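In what follows, a single structure is set out as structure tokens and then discussed.
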Amino acid sequence: MNKQEKIVLPKGCLIIFEGIDGTGKSTQLRLLAECFAGFGLPVVTTREPTEGKYGQQIRALYQNRHDVTMEEELELFIKDRREHVDRLIKPALEQKKIVLCDRYYLSTIAYQGALGADLGAVERMNDFAPTPELALVFQLEPAIAIKRITEKRGDLLNDFEQLCSLNKVSVIFDNMDFPFIQRIDSNQPADRVHADVIKTVNSTLPYIGKCLC
Ligand code: TYD
């Protein structure tokens, strides 16, 4: 098939990219999106927090998280996701597109759970959100992730990224057992991680994998 031609999939597909900060998941999302687009697959990329009004309020919290309670913070993430699901995710899935989403409700369970929210309650608050077909959970030791954030990106740590809380977040991600989770070792060069991502897509989503050749 001409690679420029758009392949029509039998259904939409939501793939989420999850894990602690500094695992390189955003780079992997971009690489997978480029790969899919190169094979003519209909792909949409997006992320949470979004650029919408609630997402912007969340970003303003990055520098001073103590201005709000955990409950208020949780509510903002849920409102942001509702808007995201209604405006972008559901319509794109209805149009049989592949949606690659950088963070989704597993992040809420892990991050707000690390702040003390009840994990089951957070999961139930997300009942409105379409279940992903695949969650790629990128794994990396929190100490290495922090080193990457500060050394490679040259960033200062924001309030979401402090080592102690990142450790707690990491443990919650490690203990999640949703059937759609596949774990990816991020402690290797980006091209090797990408190869693992492709292998995982091939084995878990064969109707997409068969288009990648
Ligand atoms: P991040 O992916 O780092 O966004 P950006 O690259 O735009 O800075 O996400 C920002 C932070 O938000 C990250 O530390 C995780 C946190 N977060 C939550 O605490 N709960 C959530 O539900 C989501 C989606 C993100």
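The values are calculated or read from the model by the stated rules, or taken from the named source; none is laboratory data. Values in this document were obtained by computation on a predicted structure and should not be read as measured data. Every residue, glycine among them, receives a Cβ derived from its backbone with ideal geometry; neighbour counts consider all protein chains shown. Accessible surface is based on the protein model in full, side chains and every heavy atom, while ligands, DNA and RNA are left aside. Shrake-Rupley method; radii C 1.70, N 1.55, O 1.52, S 1.80 Å.
The loop-placed trypsin sites (Lys or Arg not before Pro) in the stretch 134-175, going by DSSP, that have at most 16 neighbouring Cβ atoms within 10 Å of their Cβ come out as Arg153. The loop-placed trypsin sites (Lys or Arg not before Pro) in the stretch 82-143, going by DSSP, that have at most 16 neighbouring Cβ atoms within 10 Å of their Cβ come out as Lys96. Look at the dipole of the chain built from charges on Cβ: of Leu29, Phe17, Gln56, the Cα furthest out on the positive end belongs to Leu29.
On a per residue basis, the stretch 149-213 carries 58 Å² of accessible surface, using protein heavy atoms and a 1.4 Å probe. Summary value for the stretch 1-150: 42 percent relative contact order, contacts being C-alpha pairs under 8 angstrom separated by 6+ residues.
Of the trypsin sites (Lys or Arg not before Pro) found in the stretch 1-62, those that fall in a DSSP loop while having at most 14 other beta-carbon atoms within 10 Å are Lys3, Lys6, Lys11. Per-atom-type breakdown for the chain gives carbon and sulfur 51% of the accessible area (1.4 Å probe, protein chains only). Computed as a quarter of the hull surface, the mean projected area of the alpha carbon convex hull for the stretch 16-64 stands at 4.2 nm². In the chain, taking the dipole from charged Cβ atoms about the Cα centre, the farthest positive-side position among Leu115, Ile98, Pro42 is held by Pro42. For the pair the stretch 138-202 / the stretch 80-104, the C-alpha centres are spaced 23 Å from each other. Each principal axis of the Cα cloud of the stretch 104-173 was evaluated for its coordinate range; sorted largest first, these ranges are 38, 27, 17 Å.
Between the residues Asn202, Met176, Asn158, the greatest Cα displacement towards the positive end of the dipole of the chain, with unit charges on the Cβ of Lys, Arg, Asp and Glu, is found for Asn202. Computed from backbone phi with θ = phi - 60° and the Karplus coefficients 6.51, -1.76 and 1.60, the 3J(HN,Hα) list for the stretch 193-210 is 4, 4, 4, 5, 4, 4, 4, 5, 4, 4, 7, 9, 10, x, 5, 8, x, 5 Hz; x is used for glycine and proline.
Using Cβ point charges alone (K and R +1, D and E -1), the dipole size of the stretch 103-178 about the Cα centre works out to roughly 260 debye.
Each Lys and Arg contributes +1 and each Asp and Glu -1, all at the Cβ; summed about the Cα centre of the chain, the dipole is approximately 880 debye.
Across the chain, the convex hull enclosing all Cα atoms gives 119 Å³ per residue. Amide H to amide H, with H built 1.01 Å from N, Ile181 comes under 5 Å of Ala135, counting only residues 5 or more places away or on other chains.
Modelled spin labels at Asp174 and Asp191, positioned 7 Å past Cα toward Cβ, are 3.1 nm from each other. The magnitude of the dipole of the stretch 1-120, with charges of +1 and -1 set on the Cβ of Lys/Arg and Asp/Glu and taken from the Cα centre, is near 640 debye.
Placing a label point 7 Å from the Cα of Lys11 along the Cα-to-Cβ line, the residues of the stretch 68-99 whose backbone N sits under 18 Å from it are 89-99.
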